[in-house]
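The values are calculated or read from the model by the stated rules, or taken from the named source; none is laboratory data. Values in this document were obtained by computation on a predicted structure and should not be read as measured data. Heads up, the Cβs are rebuilt from the backbone with ideal geometry, glycines too, and the neighbour counts pull from every protein chain shown. These accessible areas exclude ligands, DNA and RNA; they are computed on the full protein's heavy atoms, side chains included. Shrake-Rupley method; radii C 1.70, N 1.55, O 1.52, S 1.80 Å.
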Amino acid sequence: MATKTRAKAKRKKTTVTKMARRRKTVRKPRMIRKKAAKKAPPRRAAHTKANSTAKVAVKPTPVSRRPEVVKPPQSRPAQPTAAEQRTGVVTHYYSHLSVVAIQLEPGITLRVGDVIHIRGHTTDFTQKVESLEVDHAPVTEVGSHDDFGLKVIEHAREHDIVYKLRS
């Protein structure tokens, strides 16, 4: 049993001496890194109080000046006129070409030279049909089953309604 304790004691001595050697070695100085700056939190909108009407000063108008009558903007009719026939709906607008793709109603044909009216939420213009193309080939007449492109003079949007003016 004495030999086992000596072996353990020797092991402890060797580990202690290694630790002592490590402590005696010169350590490299640590590089101190700067901490990254934190982003400022997003600003919230300030609450605005409603201005009271008592504080607002009213500027008197001269007697000789008459107030101008403001005319209400002309509203377009909700329904197309009797001279228009619903022809189809714009399915796509190609802005770089100024071309619309239109899906025609069944039994409707469209020819070069017809006058059409395109009307939508923000669109309202009339033009003469000058260019019709089916599969990049110019044609003079298209039917309801043709996928075709039509050159337009203004911006049109999807779901705009196309009317054909009766002559």
Could you check the range 131-141 and list, in sequence order, the residues that are surrounded by 12 or more Cβ atoms within 10 Å (Cβ to Cβ) and of a type in the set (A, V, I, L, M)? Leu132, Val134, Val139
Among (1) open to solvent by 40 Å² or more (accessible area, probe 1.4 Å); (2) modelled with pLDDT of 95 or more; (3) not aromatic (Phe, Trp, Tyr), where does Val100 come up short? (1)
Restricting to the range 142-162, name every residue that is more than 30 Å from the chain's Cα centre (by Cα), surrounded by 12 or more Cβ atoms within 10 Å (Cβ to Cβ) and not polar (S, T, N, Q). Val142, Gly143, Asp146
Looking at the range 117-130 only, could you name the residues that are open to solvent by 40 Å² or more (accessible area, probe 1.4 Å) and assigned to a loop (DSSP other than H, G, I, E, B)? His121, Thr122, Glu130
Within the range 107-116, is there a residue that is crowded, with 16+ Cβ neighbours inside 10 Å, free of Cβ contacts under 8 Å to residues at least 40 places away in the same chain and in a strand (DSSP E or B)? no
Candidate set: the range 80-94, residues that are under 17 Å from Asp124 (Cα atoms) and among the hydroxyl-bearing types (Ser, Thr, Tyr); chosen: the one least open to solvent (accessible area, probe 1.4 Å): Thr87
